[in-house]
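Colleague: Just passing along the structure, written as structure tokens.
Nothing in this text is a laboratory measurement; each read-out follows from the coordinates by a stated rule. Given the structure is predicted, the values throughout are model-derived calculations rather than measurements. Cβ coordinates were reconstructed from backbone atoms using ideal geometry, including for glycine residues, and neighbour counts include every protein chain displayed.
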Amino acid sequence: MKKTPLYEEHIKLNGRMVDFADFKMPVQYSSIINEVKGVRESVGIFDVSHMGEIEISGSDALNFVNWITTNDASILKLWQVQYTTMLYPEGGIVDDLLVYRLPDSYLLVVNATNREKDFNWIINNKRGNVDIEDRGDDYFQIAVQGPLTLDVIKRITAEDPSDLPFYWAKEESISGNKVLISRTGYTGEDGFEIYGDSPLGMKIWDIVMDAGETINTHIVPCGLGARDILRLEVGYCLYGNDITKETTPLEAGLSWLVKMDKGDFIGKESLIKQEEEGLRRKLIGMRLESRAIPRHGYPIYKEGEKVGEITSGTHSPTLNYPIAMGYVEKPFHKKGTKLEIEIRKKMIEGEVVSLPFWKNGSIKR
């Protein structure tokens, strides 16, 4: 198993380590509930150095990025960030990812579980004059998230990042160390992600933690458990659960990431066909009426007939009731529809609700 540049910090903080995506990663430190509340109410810090970074450069870099992704990278201005997907020719999702437009290249930030697969997919679909480089081991990546994050970050950067818009990035200096910061995250709260050379990881982590103390804000170290709950509370998809090779962006409610008028891209013809034939299922959000916890793979029923399956579920510490996402057949995807989930041989009633579940996040758009 690999270790991130921050591994020793997790051990020092008594993080409970697990094997995840070929890395030793902390699933929690104190308690998952405390970590979730820390992000929702104050500031949390995550090691996300296990994520993959793939750099694409060359004279045909833009055309190539547009060929392998569904969003339109041509609209990106320098330092702007874009959420997008990569598809198989059949329309299923290879991965969801971020695209950064940098001065001389495009940086693709991919999911940790898909690092090798994504890199091989991109290499195998190479066209034009492009250089493709796996930079995953070169970077540390720290996510600082929560409503008080800006107060922390502006204490440590050379320039005040208050005016940095959501989904934009910039080069910065932290104690004389060159880093890239972006106003992005996976929690539904305001926040920044910091990238830099791997050996700087522990130093930057300590600087962020110390900055919290200077403003009397305890920054809560957070693990994978809190990260998963936070993203589900705001209806963000998790690859391997809510989006897979067997799901398309149209079914997953991600049609806004698909720009049909930008030109050709991998999977376009399959999506056009799906649009013409009509969707047969949709990804929904559900609120449960009991304390039972829905889990991945649990079947969903309507009047005794199976109509779908849970893809993600948990008890929401923020909302204090169970929530879930899953795919159901149309027309059972409509808001207000009453459905049942089979949990431990009992039928538990739930209701289709609009996403996100948590609607009071501090994201600055």
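Colleague: Using label points projected 7 Å from each Cα along Cα→Cβ, tell me how many nm separate ARG280 and ARG127, to one decimal.
Modeller: 2.9 nm
Colleague: Next up: Which parts of the stretch 315-351 would a label at ILE33 reach, counting a residue when its backbone N lies under 12 Å from a point 7 Å out along Cα-to-Cβ?
Modeller: Residues 315-321 qualify, since their backbone N sits under 12 Å from the label point.
Colleague: Against the globular-protein guess of 2.2 N^0.38 Å, express the Cα radius of gyration of the stretch 52-134 as a ratio, rounded to two decimals.
Modeller: Normalised by 2.2 N^0.38 Å, the Cα Rg of the stretch 52-134 equals 0.97.
Colleague: Of VAL234, TRP168, PRO221, whose Cα points farthest to the positive end of the dipole of the chain (charges on the beta-carbon: +1 Lys, Arg; -1 Asp, Glu; origin at the Cα centre)?
Modeller: Working it through, the farthest residue towards the positive pole turns out to be VAL234.
Colleague: Okay, helix-only estimate at 222 nm for the chain: each DSSP H run of n ≥ 4 adds -39500 (n - 2.57), divide by all residues, round to 500 deg cm²/dmol; what do you get?
Modeller: Helix-only estimate at 222 nm: -6000 deg cm²/dmol.
Colleague: Something else now. Only Lys, Arg, Asp and Glu count, each charged at its Cβ (+1, +1, -1, -1), so figure out the dipole size of the stretch 192-250 about its Cα centre, rounded to 20 debye.
Modeller: It comes to approximately 120 debye.
Colleague: Within a 10 angstrom radius of the beta carbon, how do VAL208, VAL27 rank from fewest other beta carbons to most?
Modeller: So the residues, fewest neighbours to most, are VAL27, VAL208.
Colleague: Per Stokes-Einstein, at 4 °C and 1.567 mPa s, what whole-number D in µm² s⁻¹ belongs to the chain, with the Kirkwood radius over Cα pairs as the hydrodynamic radius?
Modeller: 61 µm²/s
Colleague: Between ARG344 and TYR321, what FRET efficiency follows from the Cβ-Cβ distance if R0 is 22 Å, with the result rounded to 0.05?
Modeller: Between ARG344 and TYR321 the formula returns 0.75.
Colleague: Relative contact order, percent, of the stretch 52-134 when contacts are C-alpha pairs under 8 Å separated by at least 6 residues?
Modeller: 42 percent
Colleague: Between ARG155 and TRP79, what FRET efficiency comes out of the Förster formula 1/(1 + (r/R0)^6) with R0 = 22 Å and r the beta carbon distance, rounded to 0.05?
Modeller: For TRP79 and ARG155, the calculated efficiency is 0.50.
Colleague: Sticking with this structure for a sec: About its Cα centre, how strong a charge dipole does the stretch 280-365 have in debye, to the nearest 20, once Lys and Arg get +1 and Asp and Glu get -1 at the Cβ?
Modeller: 360 debye
Colleague: What dipole magnitude, in Debye to the nearest 20, does the chain give about its Cα centre under +1 on Lys/Arg Cβ and -1 on Asp/Glu Cβ?
Modeller: 1100 debye
Colleague: I'd like to know how the stretch 46-97 sits against the 2.2 N^0.38 Å rule of thumb: what's its Cα Rg over that expected value?
Modeller: Normalised Cα radius of gyration, the stretch 46-97: 1.25.
Colleague: OK, next. How much length, in nm to one decimal, is gained on full extension between ASN216 and ASN63, taken as 0.36 nm per residue of separation minus their Cα-Cα distance?
Modeller: Taking ASN216 through ASN63 to full extension adds about 50.3 nm, to one decimal.
Colleague: Would you mind computing, in nm to one decimal, how far apart the modelled labels at ASP137 and SER354 are, each placed 7 Å from Cα along Cα→Cβ?
Modeller: The answer from the label model is 4.8 nm.
Colleague: Along the positive direction of the dipole of the chain (beta-carbon charges: Lys, Arg +1; Asp, Glu -1; about the Cα centre), which of VAL36, PHE46, ILE93 reaches farthest?
Modeller: Of the candidates, VAL36 comes out farthest on the positive side.
Colleague: Classify the stretch 172-225: rounded, prolate or oblate, from the alpha-carbon gyration tensor (a ≥ b ≥ c, eigenvalue square roots; a/c under 1.5 rounded; otherwise prolate if a/b is larger than b/c)?
Modeller: Verdict is oblate for the stretch 172-225.
Colleague: Taking other Cβ within 10 Å of each residue's Cβ, how do TRP205, TRP256 sort, fewest first?
Modeller: TRP256, TRP205
Colleague: Continuing with the same structure: May I ask for the distance between the Cα centers of the stretch 37-114 and the stretch 284-354, given as a whole number of Å?
Modeller: After rounding, the separation between the Cα centres reads 31 Å.
Colleague: I would also like to ask the following. Output needed: percent of Cα pairs per 5 Å distance bin for the stretch 1-67, bins running from 0 to the one holding the longest distance.
Modeller: Values per bin, smallest distances first: 3, 14, 20, 16, 13, 9, 9, 8, 7, 1.
Colleague: Using only Cα positions of the stretch 280-365, each an equal point scatterer, no hydration layer, compute I(q)/I(0) via Debye at q = 0.11, 0.14 Å⁻¹ and quote the log10 values to two decimals.
Modeller: Values, matching the q order: -0.27, -0.43.
Colleague: Quick one: in the stretch 152-196, what % of C-alpha pairs are over 16 Å apart?
Modeller: Here the long-distance tail beyond 16 Å is 29 percent of all Cα pairs in the stretch 152-196.
Colleague: Still on this structure, please answer the following. If we sort 213-220, 129-136 on the protection proxy, mean other Cβ atoms within 10 Å, highest first, what's the order?
Modeller: Averaged packing, sorted descending, gives the order 129-136, 213-220.
Colleague: What pairs from LYS37/LYS117; LYS245/LYS273; LYS245/LYS268; LYS306/LYS335; LYS273/LYS338; LYS77/LYS178 go past 26 Å between their alpha carbons?
Modeller: Exceeds cut-off: LYS37/LYS117; LYS273/LYS338.
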